[in-house]
Amino acid sequence: MNNIILCGFMGSGKTVVGKELAKITGRRFVDTDDLVEKKQGIPIKAIFEIYGEDYFRDLEHQVCCDTAELKNCVISTGGGAVTFERNVSALKNGGRIVFLDADFDTICERIGDSTNRPLFQDKDKAKELFDERRPKYEAAADLTVDGSMSARKTAMTISSLMK
Ligand code: S3P
């Protein structure tokens, strides 16, 4: 029950903050997207292209259920994971959820020209998704922190608030 689970939109810093937080708190870093890729043996982008989003969501759900068995980890989740109630309850079996609340401009700066995110191909569509998801992240989270700060500062903030 002592995992720290990070949620938030694509580019909110879940991976970089998560790695920093794992170091600070002496936990192991785990990423649900990496676990999905390991299960399927191909990158997320290819899973979307070959099998479609619903197939990806089922794999992501299995991985969220598996994380309940983990102990002493910082778990970074994919940007869509906690927008599904079934994943929120599975994840909460293993720890507490922290929402990295970064503003959309910061997110766009961080994502830059990267094209490996199937659901961030078009900025206007991504903004719609961002607005639709933000209340879901807030509802899922036990704690919300400003995700627009540096990774180190965000990780230090979470670490002190989670003691
Ligand atoms: C997704 C976010 C991605 C990845 C997949 C779907 C989403 O993870 O899980 O492309 O629905 O927002 P990141 O948030 O790590 O980019």
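The values are calculated or read from the model by the stated rules, or taken from the named source; none is laboratory data. Small disclaimer: the values here were computed from a predicted structure and weren't measured. As a convention, Cβ positions derive from the backbone with ideal geometry for all residues, glycine included, and neighbour counts pool all protein chains shown. Ligands, DNA and RNA are stripped out before the accessible areas are found, and what is left, the full protein with its side chains, is counted by its heavy atoms. Shrake-Rupley method; radii C 1.70, N 1.55, O 1.52, S 1.80 Å.
Where helices (runs of 4 or more DSSP H) fall entirely within the range 84-148, those with at least 3 residues that are farther than 26 Å from Q62 by Cβ and not polar (S, T, N, Q) are at 104-111, 123-140. From the list K92, K71, which one is more than 27 Å from D131 (Cβ to Cβ) and away from the ligand (no atom under 15 Å from the Cβ)? Only one candidate passes the filter, namely K71.
Inside the range 59-88, can you point out the residues that are of a type in the set (S, T, N, Q) and open to solvent by less than 60 Å² (accessible area, probe 1.4 Å)? Quick ask: steps written out before the conclusion?
Filtering the range 59-88 down to residues of a type in the set (S, T, N, Q) leaves 62, 67, 72, 76-77, 83, 87.
Answer for the range 59-88, where residues must be of a type in the set (S, T, N, Q) and open to solvent by less than 60 Å² (accessible area, probe 1.4 Å): T67, S76, T77, T83, N87.
Just to be sure before I move on: is D54 free of Cβ contacts under 8 Å to residues at least 12 places away in the same chain, within 17 Å of L119 (Cα to Cα) and either within 9 Å of the ligand (Cβ to nearest atom) or open to solvent by 10 Å² or more (accessible area, probe 1.4 Å) (or both) in the structure I sent? It is true that D54 is free of Cβ contacts under 8 Å to residues at least 12 places away in the same chain, within 17 Å of L119 (Cα to Cα) and either within 9 Å of the ligand (Cβ to nearest atom) or open to solvent by 10 Å² or more (accessible area, probe 1.4 Å) (or both).
Would you mind stating whether R96 is open to solvent by 90 Å² or more (accessible area, probe 1.4 Å), at pLDDT 95 or above and within 23 Å of L21 (Cα to Cα)? Here the answer is yes, as R96 does meet what is asked. Of all residues in the range 60-84, those that are at pLDDT below 95 have Cβ atoms under 6 Å from Cβ atoms of residues that are open to solvent by 10 Å² or more (accessible area, probe 1.4 Å), 6 or more apart or on another chain, in A68/N93.
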